[in-house]
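Everything on this sheet refers to the single structure shown next.
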Amino acid sequence: MVILSLDENKLQELLGTFVNDFGATFHAAMVVIGDKLGLYKALAAGPMTPGELAERTSTSERYVREWLASQAAGRYVTYDASAGRYSLSPEQAFALTDENGPVFLPGAFEAALAAVKAEPRVAEAFKTGEGVGWHEHDPSLFSGTERFFRPAYAANLLSSWIPALEGIDAKLKEGALVADVGCGRGASTRLMAQAYPKSSFVGFDYHAPSIGHAQKAADEAGVSERVRFEVAKAKEYPGRDYDLVAFFDCLHDMGDPQGAAEHVKKSLKSDGSWMIVEPFANDDVADNLNPVGRAFYSASTLICTPASLSQEVGLALGAQAGEARIKKVVTGGGFSRFRRVAQTPFNLVFEARP
Ligand SMILES: C[S@@+](CC[C@H](N)C(=O)[O-])C[C@H]1O[C@@H](n2cnc3c(N)ncnc32)[C@H](O)[C@@H]1O
């Protein structure tokens, strides 16, 4: 055995990272359980003992006691040792129970926990180079993704992303035709439809179960007169006179994003606009080696890269493509103008014009 000389400080640093990650891996399931069983929402009512929370949620006190301790250790819940009661601070309640708020966290864990179930298939795909389609994942990925992304759309889409596009807010107010391509369960489509009552919207996605859910949710939201959903691929969706085509966090998932760009151009009016929302990324790997990049590169390895490899061409941009590669795909598809119009710590927003 070779005895290496180790830097004790560097080893301790790595072990510190490990302890956090080891706990976080288990913690994902704890958050999903707390969300699913209404434990966070019930706890938001005020300080409780494990028994009181169990009674309110019709759950077993022994399980709830263990779960609460895990939550307090992870600082998702506050523990008052002298009273033996647990509670949510206003910030914890906001982030863990307000599904319509801008920072709702449980959806992200629902998506992550669903994605890691694909590990055996993805590990196999590393050896063969084959893809794993979006539709092949555990169904919680579809609901988790919607619940993870929707808060960011609710916080930014209407107030900053659409207003940043040239002339689009005015067109939507007057009455425009919009295609939301790769719309998933249609959260972005519904938000736009509710904000712009004179405009009409069509959501397209190749994944039939997501389209079924999107249509049902639009019916329930009372916008189905102006909103419809159709199963269609990004290179094949119908229509030639859209004022706006929007792609929310899906261009990089496609096998042939340049082919999709060519199709978008054909489907737009001559003065139309293409809005592309992508995960935040810098152009160089070295500049993405941070906590957000880590989450996105890992999600990309499990979800986005195999999804693209499962389709024709299989360009596999990955979730951390960055502006330069997205621009290459968009201009390669025939668009003459391309610019970054907005960004958040998690998203880049681009506008392309014919
Ligand atoms: C990460 S999800 C984003 C869903 C939705 N836009 C949102 O923001 O919640 C990516 C979506 O792209 C869709 N997709 C992937 N490849 C596609 C293709 N070639 N044509 C149409 N949709 C596609 C998937 O079915 C999935 O719904």
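Within segment 156-179, if we keep just the residues that are open to solvent by 40 Å² or more (accessible area, probe 1.4 Å) and within 22 Å of the chain's Cα centre (by Cα), the residue that is nearest to the ligand (Cβ to nearest atom) turns out to be Leu158.
If you go through segment 190-230 one residue at a time, how many are away from the ligand (no atom under 15 Å from the Cβ) and under 29 Å from Glu312 (Cβ atoms)? The number of residues fulfilling the criteria is 1.
Restricting attention to segment 128-148, the residues being among the acidic types (Asp, Glu) and not in a loop (DSSP other than H, G, I, E, B) number 2. Can you say whether Ala54 is open to solvent by less than 50 Å² (accessible area, probe 1.4 Å), at pLDDT 95 or above and either in a loop (DSSP other than H, G, I, E, B) or more than 20 Å from Leu113 (Cα to Cα) (or both), as far as the supplied structure shows? Yes, satisfied. Between Leu37, Leu43, which is in contact (Cβ under 8 Å) with a residue 24 or more places away in the chain, out of contact with any Asp or Glu (no Cβ under 8 Å at 6 or more places or on another chain) and over 22 Å from Pro345 (Cα atoms)? None of the other options fit; the residue is Leu43. Of the residues Ser210, Ser199, Ser267, Ser224, only one is at pLDDT below 95 and not aromatic (Phe, Trp, Tyr); which? It is Ser224.
Just one residue in the set Ser89, Ser60, Ser5 is at pLDDT below 95, over 19 Å from the mean Cα position of the chain (by Cα) and of a type in the set (Ser, Thr, Tyr); that residue is Ser5.
Looking at segment 267-354, the strands (runs of 3 or more DSSP E) lying wholly inside it that each contain 3 or more residues that are within 30 Å of Val116 (Cα to Cα) sit at 268-279, 347-353. Scanning segment 54-87 for residues that are of a type in the set (A, V, I, L, M) and in contact with a strand residue (DSSP E or B) (Cβ under 7 Å, 6 or more places away or on another chain) turns up Leu68, Ala72, Val77. Selection within segment 231-254: residues that are part of a loop (DSSP other than H, G, I, E, B) and away from the ligand (no atom under 11 Å from the Cβ). The member of this set that is most open to solvent (accessible area, probe 1.4 Å) is Arg240. Please verify whether segment 255-277 includes one or more residues that are within 22 Å of Glu110 (Cα to Cα), open to solvent by less than 10 Å² (accessible area, probe 1.4 Å) and out of contact with any Pro (no Cβ under 8 Å at 6 or more places or on another chain). Yes, segment 255-277 contains a residue that is within 22 Å of Glu110 (Cα to Cα), open to solvent by less than 10 Å² (accessible area, probe 1.4 Å) and out of contact with any Pro (no Cβ under 8 Å at 6 or more places or on another chain).
Take segment 168-190 and flag every residue that is over 18 Å from Glu278 (Cα atoms) and in contact (Cβ under 8 Å) with a residue 24 or more places away in the chain. Across segment 168-190, the qualifying residues are Ile168, Lys171, Leu172, Lys173, Glu174, Gly175, Ala176, Leu177, Val178, Arg190. Filtered by the rule that a residue be over 16 Å from Ala307 (Cβ atoms) and in a helix (DSSP H, G or I), segment 149-167 gives Arg150, Pro151, Ala152, Tyr153, Ala154, Ala155, Asn156, Leu157, Leu158, Ser159, Ser160, Trp161.
Taken together, Val31, Val19 contain a single residue that is surrounded by fewer than 14 Cβ atoms within 10 Å (Cβ to Cβ) and closer than 25 Å to Ala295 by Cα, which is Val19.
The values are calculated or read from the model by the stated rules, or taken from the named source; none is laboratory data. Everything numeric here is computed off the predicted structure, so don't read it as measured data. Reconstructed Cβ throughout: ideal geometry from the backbone, glycine too, with neighbour counts over all protein chains shown. With ligands, DNA and RNA removed, areas are computed over all heavy atoms of the protein, side chains included. Shrake-Rupley method; radii C 1.70, N 1.55, O 1.52, S 1.80 Å.
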